[in-house]
Amino acid sequence: MDFSNIFSTGKKNTVYLSITPGVGLELIEIDTHAKVVKNYAYRPLEYNDSLREIGSMDAFKNAVTELFDELKINIKSNVVLNLPLVLLGSKELPLLLADDAVTEALISEVEQSYIFKRYEPLISWIDVNNSQSGDMRKLFYSAVQKNVVEDIKNALTELGATLTGIEISLTSILKALAFSGLAEEQMKDGMSWNLMIISSNGYSICSMVGKNLIDYYEEPLAIKSFEGEEIYNAINASAQITLMSYPANYLYVVSETDLVSAELLTSRMSVDGVVNFLENNSFKKQDVIPTSLEVLEDTARKISLEAIGIGATPAVNIPVKFNFTGQAGTGDAILENPDDPVHVVLGSTEFDISPNNARNLALIFALIILIPALILFLVVPMVANKKQAQLDEVNSTLQKVQAEVKRLEDEQNKSGNFDVNAEIKKVLGTNRSKLMSYTALGEAVPKKLWLTYFTAKDDGKLDIKGESSNVEDVYTFYRNMKDSLIDTKLRLHKLEMKSNSVDDAVTIDPNAPTDYEFEITNMTAEELNPQPANAQQQPQQEPAKEENKRGMKPLLNFGKDK
């Protein structure tokens, strides 16, 4: 029995969610090989831009449930989540500083932010290896509220899902640009370029070389307080001065807010290098990557760069990685607790079980399987030996029987007294010859001729006697027999008038009907009249008795009644 089909630890699907201000909560499935959005759905979800947190955790749970139901995805899945950027910065620290000390120093730096004066930060950092100078190293760090991550994790756990990864919006946007090929030229090795992201709180500039982050600058702006053209003038005036500190070959502008059009903004900016733009808002005119027929056109317009970036995580490698597992500097955003329950499928029943219980249960099943196997390992050789002895005995007996059969066959071959095949051929030949004789006899008798005697021997010898009212019928019968039995060499041995005495033959009335006697045979005279061994001692026999000695048998006038 295959226990793997009955009892197995099911490998959960990985589902990608994005909390995107301006869109809500997005769930996306991407065919990373074809670079197509296979399935997508979203639900409006309030997000507090000032506090950088979800407005209602109950609303988040309802949105998750509805999205999984709409796309018919098992809620018991692993979830990788994109969160809006809360805080990103850089700092130079001594090379000799241990990782724990680096984390403490960065936490102190993060706590200067107004957000983390209220909430405990969950921090992650990466080392920019190519930016080291002397005894110092440059680090980029990011932080999110620890309580927000725990609330999200608990909410998903209550629904049956498991939070296994967290990305921030900046890394998701970079992944989307790389995956879609929209920034292919900019992300070539050694190419310097600036990524400018416009949000409702201001703008940020990422100084990049290829796919590596070199520097980061964030400028807060109360964009909502501006009206009409004022916002473009304000951003342009501020950004022109900032970009002078980051000379590059390309400028890529991405607008995340419906208050600013990236196309209109770039048309007013005067900077060195090539300027590209991408609308990640209501001004969007084209899809970032194609969508399948499963995604409606109006729904496809809602797909954000962040959703595409988080959905393309398995297929894109970006050096800018932050993780929030508490292990700073490792880079992978995976939240896995060794004490998290294991999802188990037992037939049609699914349930979760703790790792310890799963190990114990696996051990029990292993014992159930191994004990019978051990018994078979010990018992089978004993049974096999016994059966082998019986087989040897049978083989020995068989060899004796075969030897006796061969001996008998040899004795029979040496005797040579009886050839079965020859006898069979002889019998078949004799019977065939006789059958042909009888057939010819039946077909050759004319109407005015009848037979009084017929004999056919095994060696093909024939003797036929009969009577006829005319000579012509005798000759006709004789010719028919010769034509039917070509190889028998028949001859007309006797043809004479029938009479009881010579006087009767002389005084016969010429007008009276006359009968003729005939004999047709292929026998010799000796065969027709064989002499007995004591013929000289025996008196002459009467003709009737002599005929009996010759073996003649009357046919009761065969053909006379015709």
Check on SER245, part of a loop (DSSP other than H, G, I, E, B), small (Gly, Ala, Ser) and either under 24 Å from LEU88 (Cβ atoms) or touching a Cys at 6+ places or on another chain (Cβ under 8 Å) (or both): yes
Residue within segment 51-74 that is of a type in the set (Ser, Thr, Tyr), exposed (fewer than 14 other Cβ atoms within 10 Å of the Cβ) and not in a helix (DSSP H, G or I) present: yes
Test: residue in segment 23-46 that is among the hydrophobic types (A, V, I, L, M, F, W, C), in contact (Cβ under 8 Å) with a residue 12 or more places away in the chain and more than 18 Å from LYS302 (Cβ to Cβ): no
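Residues checked against (1) free of Cβ contacts under 8 Å to residues at least 12 places away in the same chain; (2) surrounded by fewer than 22 Cβ atoms within 10 Å (Cβ to Cβ); (3) assigned by TED's automatic domain parsing to the domain that holds ASN281:
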| position | (1), (2), (3) |
| --- | --- |
| GLU230 | yes, yes, yes |
| ALA234 | no, yes, yes |
| SER238 | no, yes, yes |
| THR242 | no, yes, yes |
| PRO247 | no, yes, yes |
| TYR252 | no, no, yes |
| ASP258 | no, yes, yes |
| GLU263 | no, yes, yes |
| SER270 | no, yes, yes |
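For (1) in contact (Cβ under 8 Å) with a residue 12 or more places away in the chain; (2) within 30 Å of ALA34 (Cβ to Cβ), each residue gets a yes or a no:
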| site | (1), (2) |
| --- | --- |
| THR103 | yes, no |
| LEU106 | yes, no |
| LYS138 | yes, no |
| SER142 | yes, no |
| ASN154 | no, no |
| THR164 | yes, yes |
Verdict on GLY160 being outside the structural domain of MET269 (by TED's automatic domain parsing) and surrounded by fewer than 22 Cβ atoms within 10 Å (Cβ to Cβ): yes
Residue in segment 294-312 that is in the same structural domain as LYS175 (by TED's automatic domain parsing), part of a loop (DSSP other than H, G, I, E, B) and closer than 29 Å to ILE123 by Cβ present: yes
Selection count where residues are among the polar types (S, T, N, Q) and either outside the structural domain of LEU159 (by TED's automatic domain parsing) or in contact with a helix residue (DSSP H, G or I) (Cβ under 9 Å, 6 or more places away or on another chain) (or both), scope segment 57-81: 3
Pairs, first exposed (fewer than 11 other Cβ atoms within 10 Å of the Cβ) in segment 285-298, second at pLDDT 90 or above and not aromatic (Phe, Trp, Tyr), C-beta under 8 Å, six or more apart: LYS285/GLU279
Verdict on SER113 being under 26 Å from TYR217 (Cβ atoms) and either in contact (Cβ under 8 Å) with a residue 40 or more places away in the chain or assigned to a helix (DSSP H, G or I) (or both): no
Residue within segment 82-90 that is of a type outside the set (Ser, Thr, Tyr), assigned to a strand (DSSP E or B) and over 23 Å from LEU25 (Cα atoms) present: yes
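The values are calculated or read from the model by the stated rules, or taken from the named source; none is laboratory data. Computed from a predicted model, the values in this text were never measured in an experiment. Cβ sites come from the backbone with ideal geometry, for glycine too, and all protein chains shown count toward neighbours.
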